[in-house]
Amino acid sequence: MTSNSLIEAGSIVMLRAIELEKQLKFTESLTCYEESIGLFIKALRSIPDNTQPEFKDRFRLKVSEYITHAEKLKEKLKKESENGNYHEQIVIEEGATGYSYKKVFGRFLEDGTVSKVWVEDPYIRNSYQIENFSHFCEVIVQSVSKVKNIYLTTGEDAQVC
């Protein structure tokens with residue numbers, strides 16, 4: 001890829017990162033920031049030193065600002081996660097496909113630091129709901145995280161005989 005196409009691709013991903021951050025989807029946003037920064041760095045390396053020195057210097061400064069912002073976002077996520085305060089809501093439209101448990105939750109498990117999982121779902125009662133919860137647990141157990149406990153809190157069933 002040429003430096004221009006790398007910059008263009010990085011810009012598209014950067015706009016996505018900014019949009020995700022505005023939507024408070026910080027982990028996805030961080031991933032996009034990191035990807036776009038990588039593309040920008042490749043672009044910088046592909047520009048010869050003796051051509052466009054002013055552009056290269058301005059671009060390098062802007063990439064440095066993006067790196068600083070991404071590091072701050074990463075630190076914020078780390079603190080929120082350590083304090084147990086991190087919350088993210090994912091809206092899945094009815095009938096939507098492509099949202100496996102691994103795809104939705106895998107990014108939280110991939111760093112290997114999760115040891116306990118708490119699930120609050122007041123409606124796990126029917127066999128298909130229990131089966132879905134079981135599939136969710138399989139994804140957790142098969143991840144690189146060494147999860148020791150999975151806690152499930154459900155509501156009371158009003159139809160208990």
Work out Dmax and Rg for the stretch 3-82 from the C-alpha atoms and quote the Rg first, both in angstrom. 13.7, 47
Quick one: dipole size for the stretch 3-82, taken about the Cα centre, charges +1 on Lys/Arg Cβ and -1 on Asp/Glu Cβ, in debye to the nearest 20. 40 debye
Over the chain, what number does the Rg to Rh ratio reach, with both radii from the alpha-carbon atoms and Rh per Kirkwood? 1.12
In the chain, taking the dipole from +1 charges on Lys and Arg beta carbons and -1 charges on Asp and Glu beta carbons about the Cα centre, the listed residue (Phe105, Thr153, Gln129) farthest towards the positive end is Phe105
Magnitude of the charge dipole, the stretch 101-153, Cβ model with Lys/Arg +1 and Asp/Glu -1, debye to 20: 100 debye
Linear extension gain, Lys42 paired with Lys72, 0.36 nm per residue minus alpha-carbon span: 8.6 nm
Rounded to one decimal in Å, the inverse mean reciprocal Cα-Cα distance for the stretch 101-153, i.e. its Kirkwood radius, is 11.5 Å
Subtracting the Cα-Cα distance of Tyr123 and Glu80 from 0.36 nm times their residue separation yields 12.7 nm
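Grab the DSSP H runs of the chain that are 4 residues or longer, score each as -39,500 (n - 2.57), total them, divide by all residues and round the 222 nm result to the nearest 500 deg cm²/dmol.
Value at 222 nm, helices only, nearest 500: -20000 deg cm²/dmol.
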Expressed as a whole number of Å, what is the distance separating the alpha-carbon centroids of the stretch 33-87 and the stretch 125-144? 37 Å
Two pseudo-spin positions, 7 Å from Cα along C-beta at Thr113 and at Glu138, lie apart in nanometres by 2.9 nm
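The numbers here are math on the coordinates, done by the rules we state, and not lab data. Just so you know, these numbers come straight off a predicted model, no measurement behind them. We place every Cβ from the backbone using ideal geometry, glycine too, and count neighbours over all the protein chains shown.
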